[in-house]
Amino acid sequence: MRVMIWYSVKPELVDQSVELLDAVYKDLEESRPDGLTYETFQLDGTASFVALIETEGDPVAAPHHRLASFQRYRAALNAICTQPPQVAYVNEVGVYRSVPA
């Protein structure tokens, strides 16, 4: 199942958001959970972020939710967001890739 999440943080807290995300990705690299693809993008020149998560089964039970670093990141979002996270389940329509991911 694929999920897209988008949100905006206070401009002065972009660096804090990125630092929290860096910790999540570090933990993901160390734990290497199966059945999970997790990507986060910052919209160029903005304080807005988009996350794409693909997981086997229910996204709410995805393995990254068990990481302490993710729990810290998620708790911080409540305080630093100007637009709270919005969630949408997405279905792939098509993919073209001419360069390796």
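Under the 0.36 nm per residue contour assumption, what length would be gained going from the current alpha-carbon distance of residue 87 and residue 72 to full extension?
3.5 nm
Give the Kirkwood hydrodynamic radius (Å, one decimal) of the stretch 15-57, defined as one over the mean of 1/r across all pairs of different Cα atoms.
11.5
Taking 0.36 nm per intervening residue step and subtracting the Cα-Cα distance, what contour gain separates residue 29 from residue 51 on full extension?
6.2 nm
Reported to two decimal places, what Rg/Rh ratio describes the stretch 51-101 when computed on Cα atoms with Rh from the Kirkwood expression?
Here Rg/Rh amounts to 1.05.
If each residue's Cβ is checked for other Cβ atoms within 10 Å, how do 5, 53 rank with the fewest at the top?
If I rank by nearby Cβ atoms, fewest first, I get 5, 53.
Tell me the relative contact order for the stretch 33-73 as a rounded percent, counting alpha carbon contacts under 8 Å between residues six or more apart.
34
Could you line up 87, 99 from fewest to most neighbouring Cβ atoms inside 10 Å?
Arranged by neighbour count, lowest to highest, 87, 99 become 99, 87.
Over the chain, calculate the relative contact order: mean separation of alpha carbon pairs under 8 Å at least 6 apart, over the residue count, as a percent.
Here the relative contact order equals 46 percent.
For a Förster distance of 25 Å, can you work out the FRET efficiency between the beta-carbons of residue 58 and residue 19, rounded to the nearest 0.05?
After rounding, the FRET efficiency stands at 0.30.
Which ordering of 44, 27 is given by a fewest-first count of other beta-carbon atoms within 10 Å?
If I rank by nearby Cβ atoms, fewest first, I get 44, 27.
Which value in deg cm²/dmol, rounded to the nearest 500, describes the helix-derived mean residue ellipticity at 222 nm for the chain, given -39,500 (n - 2.57) per DSSP H run of n ≥ 4 and division by the residue count?
Dividing the helical sum by the residues of the chain leaves -10000 deg cm²/dmol.
Using only the alpha carbon atoms of the chain, find the Kirkwood hydrodynamic radius as the inverse mean reciprocal pair distance, in angstroms to one decimal.
14.5
Since every read-out is calculated from the coordinates, none of them should be taken as a lab result. Quantities reported herein were computed from a predicted structural model and do not represent experimental measurements. Virtual Cβ from ideal backbone geometry, glycine too; neighbours counted across all protein chains shown.
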